[in-house]
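Enquirer: Would you mind keeping the following structure in view while I ask a few things?
The values are calculated or read from the model by the stated rules, or taken from the named source; none is laboratory data. Computed from a prediction, not measured in an experiment: that's the story for all the values here. Neighbour counts are summed over all protein chains in view; Cβ atoms, including those assigned to glycine, are modelled from backbone coordinates with ideal geometry. All accessible areas refer to the heavy atoms of the entire protein, side chains included, with ligands and DNA or RNA removed. Shrake-Rupley method; radii C 1.70, N 1.55, O 1.52, S 1.80 Å.
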Amino acid sequence: MKRYRYHAIFLFLLVISLCPSLHLMAEDGYRLWLRYDKIADRALLAKYNTSVTGWMTAGDSPLIASAAQELQSGLHGLLGVKIPNVHAVTSHGIVVAGTPASSTIISSLKLEAQLQGLGDAGYLILTTRHRGKKITAITALSDPGVLYGTFHFLRLLQSHQDIAHLAIKSLPKVKTRILNHWDNLDRTVERGYAGRSLWDWSALPDSIDPRYRDYARANASIGINGTVLTNVNANAKVLTREYLAKVAALAEIFRSYGIRVYLTARFSAPVEIGGLQTADPCDPQVITWWKNKADEIYEMIPDFGGFLVKANSEGQPGPQNYRRSHADGANLLADAVAPHGGIVMWRAFVYDKDVPDDRAKQAYNEFVPLDGKFRDNVIIQVKNGPIDFQPREPFHPLFGAMPATAVMPEFQITQEYLGASVHLVYLAPLYEECLRSETHCAGSGSTVARVIDGSVYPHPLSAMAGVANIGDVRNWTGHPFGQANWYAFGRLAWDPDLDSGAIATEWIRMTFSNDAAALNKIREMMLASREIAVQYMTPLGLHHIMYYGHHYGPGPWVDSGRQDWTSVYYHRADSLGLGFNRSSSGSDAVSQYHPATRDVFDNLQTCPENLLLWFHHVPWNYKMRSGKTLWGELCHQYDSGVQSVNWLQQQWRSLEGMIDSGRFSLVDGLLVKQARDAQIWRDGCLLYFQSFSRKAFPANFSQPAHDLAHYKNHIFSDIPGIE
Ligand code: GCW
């Protein structure tokens, strides 16, 4: 008897371990927004089952193979039955994916006029007829377009949309939609909070982690078409032949998903790995070295995208080491990759502790005089704001200020200054705020989005970069809601005019639930979350007052070390008031904006209150629009931030049972930490600023539990990626 019992238990365990659907129930977040679980709504399922009875793809490229694989697994999963791969349209409901060149069915539809202008990535999804049979055509002028259209079509099913009468046309407004990985060759990730780097350099090129393909799939599903594999604080070793072979292996996989590989180029590489005495961009040997290096790379990776460079910034080498300009440096590399169609993304994130001027002004001062001096295959990569990925910054004044040069934005997806992978912060509203900002550079309507997509000043290149939040933890991003930031970045790079609420809706439907009650609650949380973080971290335009080094907790008291890395440099608290005077009576950073914007920021009365302390040093008793004094408003902002995190917690708890238990309890636990640390932000910052304002906390204000010294000594020892 006993023996049989053991057999039975063993058999049961074996079945469990082999049964895929039971694995899926575990819901560990690995599948991201591409879950393809069977649709539970029977009526909807019945409708879909008549609209989709078979599928076919045309063409034999790896991209089309990826589209076919996606249709096969996606339709099977969502509809709960195997949908046949057919070779002819003999019934209604066939999905036909291909280009007019690859598919006779598509070419017979005579879609030339509609396909015009779709370029190499746009697509159409049409409900139409072929020989009397109703079909869904997913078509484009190129194979990447077919793949993007396929993902869009599956998204419609995943998010329960009507697919009976489709007439969708979509094309990207930005050409290069690219992730920047700050991944080091030892698999540590700078500002990474989701485990180690995905790239297993020691195992490459011989072993290929299946995860590489899943990474590429996820990116392609949101339109991302490029990835910079290595940290901008670069290691020249990645440019050696040995490493290039590893890079080529990754490029091979990513190619099937339309993703090109890029590398960071360490400016001193000719010295470090080339044996030269100099890296001077005007030295003939250096020019030849880069040219040969580029030739070698393209011989191994024919579709290599190009280089991303951080030069003369935070200790990185660059052309200024040789008294040359950023244009000399960028053009050196641009000339090397130009014969192969490569590009150079040259970062404008430069500032120098020895330059006495306001750090916020330095990039503009450095780059505007170089406008027009860069090659056509150079694009200047500018952070969204003039300091450094803060919870709120005004848009960078370089947007719209270099009409003769292509300029691209760099957003941070990883939450360096926004709570790492612990705080629930949906970043699309931050990206959107920057993209919709009016630069006024060419009259009204010249928003940052219009500048970077080339509609204000046309250029051959356009691009948008996001610093990735991805690592090798099972759910990719640590915080389940970090996935939404990756998703939103891709969607906005495709179309910078998308609405952050609409993007959240798509993501929630695919990732968590199509149930209206759950959807609305989660969306409400997401859309409020960024402003909540601003409130408990850096309200009213405060910035860069994070803890020294790790940037997770508060550190307004940081006052030693390199001056432009201290907090006191940025908040300028004193007995009179608070804030950095960047108005015309101060550092005059305002004058880097177009006069229409400058005047608004310059005037205390018209400056938006959410940027007040960014641009002005404001007296403690200054009357805010709420009627409170600055001090009273500051207390109110920090306090409401904390209360709102408590609200986030309650909202989330009310979702129990509406979403799977795995992700429910993970987020629940993270919110506990977030609430605790938001309270530390509030109490630490207010106690510190109180030592300048010398004012009492408002009536009914809950007093900090400890004294200032306690907060100054708080160590955040349990934050992933932070020691
Ligand atoms: O925000 C700062 C970060 C650095 C980063 C740098 C940059 C990669 O603290 O870690 O270095 O910006 O963007 O170059």
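Enquirer: For ARG530, what charge total do you get from the other residues with a beta carbon under 14 Å from its beta carbon, if Lys and Arg give +1 and Asp and Glu give -1? Provide the component values of the computation, followed by the final result.
Expert: Numbers: positive: ARG392, ARG523; negative: GLU393, GLU432, GLU433, GLU524, GLU531.
Local net charge: -3.
Enquirer: Just going by the charge dipole of segment 345-439, with Lys and Arg at +1 and Asp and Glu at -1 on Cβ, which of CYS434, PHE389, ILE413 is farthest out on the positive end?
Expert: ILE413
Enquirer: Would you tally the net charge around TRP565, using a Cβ to Cβ cut-off of less than 12 Å, leaving TRP565 out, and scoring K and R as +1, D and E as -1? Can you show the working numbers first?
Expert: Numbers: positive: LYS353, ARG359, ARG562; negative: GLU314, ASP388, ASP559, ASP564.
Net local charge, TRP565 excluded: -1.
Enquirer: Roughly what angle does helix 500-511 make with the longest principal axis of the chain, taking Cα atoms, 0 to 90 degrees, to the nearest 10?
Expert: 50 degrees
Enquirer: How large is the accessible surface per residue of the chain, computed with a 1.4 Å probe and reported in Å² as a whole number?
Expert: Per-residue accessible area for the chain comes out at 38 Å².
Enquirer: Still on this structure: Given R₀ = 25 Å, what would the calculated FRET efficiency be for GLU314 paired with THR288, taking r from the Cβ atoms and rounding to 0.05? Don't skip to the answer; put the middle values down first.
Expert: Numbers: r = 29 Å, r/R0 = 1.17.
It comes out at approximately 0.30.
Enquirer: Take LYS353, project a point 7 Å from its Cα along the Cβ direction, then tell me which residues of segment 281-322 have their backbone nitrogen under 13 Å from it.
Expert: Within reach of a label on LYS353: 314-316.
Enquirer: Taking each pair of different alpha-carbon atoms in the chain once, compute 1/r for the pair, average those values, and report the inverse of that mean as the Kirkwood hydrodynamic radius in Å to one decimal.
Expert: Working: mean 1/r = 0.0367 Å⁻¹.
Every distinct Cα pair counted, the radius reaches 27.2 Å.
Enquirer: While we're here: Can you figure out the FRET efficiency of LYS673 with VAL86, using R₀ = 60 Å and their beta-carbon distance, to the nearest 0.05?
Expert: My answer for the efficiency is 0.70.
Enquirer: Next question. Where a ≥ b ≥ c are the square roots of the eigenvalues of the C-alpha gyration tensor, would you call segment 194-238 rounded, which needs a/c under 1.5, or, failing that, prolate if a/b is larger than b/c, or oblate? Show your work: numbers first, answer last.
Expert: Details: a/c = 2.01, a/b = 1.26, b/c = 1.60.
Judged from the Cα gyration tensor, segment 194-238 comes out oblate (a/c at least 1.5, b/c at or above a/b).
Enquirer: Okay, moving on. I'd like the orientation of helix 2-18 relative to the chain: the angle between its Cα long axis and the longest Cα principal axis, in ° from 0 to 90, rounded to 10.
Expert: Value to nearest ten degrees: 80.
Enquirer: Oh, and also: For segment 215-221, take each phi angle, set θ = phi - 60°, evaluate the Karplus expression 6.51 cos²θ - 1.76 cosθ + 1.60, and give the result in whole Hz per residue in order, putting x for glycine and proline.
Expert: Values per residue, Gly and Pro as x: 4, 5, 4, 4, 5, 4, 5 Hz.
Enquirer: Would you pull out the residues with amide H under 5 Å of HIS617's amide H, same chain only if 5 or more places away, H placed 1.01 Å from N?
Expert: For HIS617, the qualifying residues are ASN581, ARG582.
Enquirer: Please give every one of the lysines within straight-line cross-link reach of LYS712, meaning a C-alpha to C-alpha distance under 19 Å, and leave out same-chain neighbours fewer than 8 residues apart.
Expert: Partners within reach: LYS673.
Enquirer: In whole Hz, what ³J(HN,Hα) sequence does segment 77-87 give by Karplus (6.51, -1.76, 1.60; θ = phi - 60°), x for Gly and Pro?
Expert: Whole-Hz 3J(HN,Hα) from phi for segment 77-87: x, 5, 8, x, 9, 6, 9, x, 8, 9, 10.
Enquirer: Restricting to Cα pairs below 8 Å that are 6+ residues apart, what does the relative contact order work out to for segment 114-233? Please round to a whole percent.
Expert: 25 percent
Enquirer: Under the rule of at least 5 residues apart or a separate chain, name every residue whose amide H is placed under 5 Å from the amide H of ALA406.
Expert: Result for ALA406 returns ILE380.
Enquirer: For a 28 Å ceiling on Cα separation, which of these pairs sit above it: LYS310/LYS373; LYS173/LYS237; LYS47/LYS82; LYS82/LYS175? The partial results should precede the final answer.
Expert: Numbers: LYS310/LYS373 18 Å; LYS173/LYS237 35 Å; LYS47/LYS82 16 Å; LYS82/LYS175 36 Å.
The answer is LYS173/LYS237; LYS82/LYS175.
Enquirer: Distance between the C-alpha centers of segment 670-711 and segment 178-235? Whole Å please.
Expert: 39 Å
Enquirer: May I pose another question? Give me the percent of DSSP beta bridges within the chain that run antiparallel, rounded to the nearest 5.
Expert: Values: 17 of 59 bridges.
If we restrict to bridges inside the chain, about 30 percent are antiparallel.
Enquirer: Still on this structure, please answer the following. Show which lysines lie in cross-link reach of LYS623 when reach means a straight Cα distance below 22 angstrom and same-chain residues fewer than eight apart are skipped.
Expert: The qualifying lysines are LYS695.
Enquirer: Whole-Hz Karplus ³J(HN,Hα) for segment 169-180, in order, using 6.51 cos²θ - 1.76 cosθ + 1.60 and θ = phi - 60°, x for Gly and Pro?
Expert: Karplus-based 3J(HN,Hα) across segment 169-180 equals 10, 9, 8, x, 7, 10, 6, 10, 10, 10, 8, 10 Hz.
Enquirer: Over segment 578-723, what is the mean sequence separation of C-alpha contacts under 8 Å (at least six apart), divided by residue count, expressed as relative contact order in percent? Show your work: numbers first, answer last.
Expert: Values: 117 pairs, mean separation 24.2, N = 146.
The normalised contact order for segment 578-723 reaches 17 percent.
Enquirer: Amide H of ALA573 versus every other amide H placed in the peptide plane: which residues, excluding those fewer than 5 positions away on the same chain, fall under 5 Å?
Expert: Under 5 Å from the amide H of ALA573 lie the amide H atoms of GLY579, each far enough along the sequence or on another chain.
Enquirer: Please report the carbon-and-sulfur percent of the accessible area for the chain; probe 1.4 Å, protein heavy atoms only, DNA, RNA and ligands left out.
Expert: Details: 14420 of 27390 Å².
It is 53 percent, rounded to a whole number.
Enquirer: Round to the nearest 10 and give me the degree value, 0 to 90, for the angle of helix 143-158's Cα axis relative to the longest principal axis of the chain.
Expert: Its long axis makes an angle of about 90 degrees.
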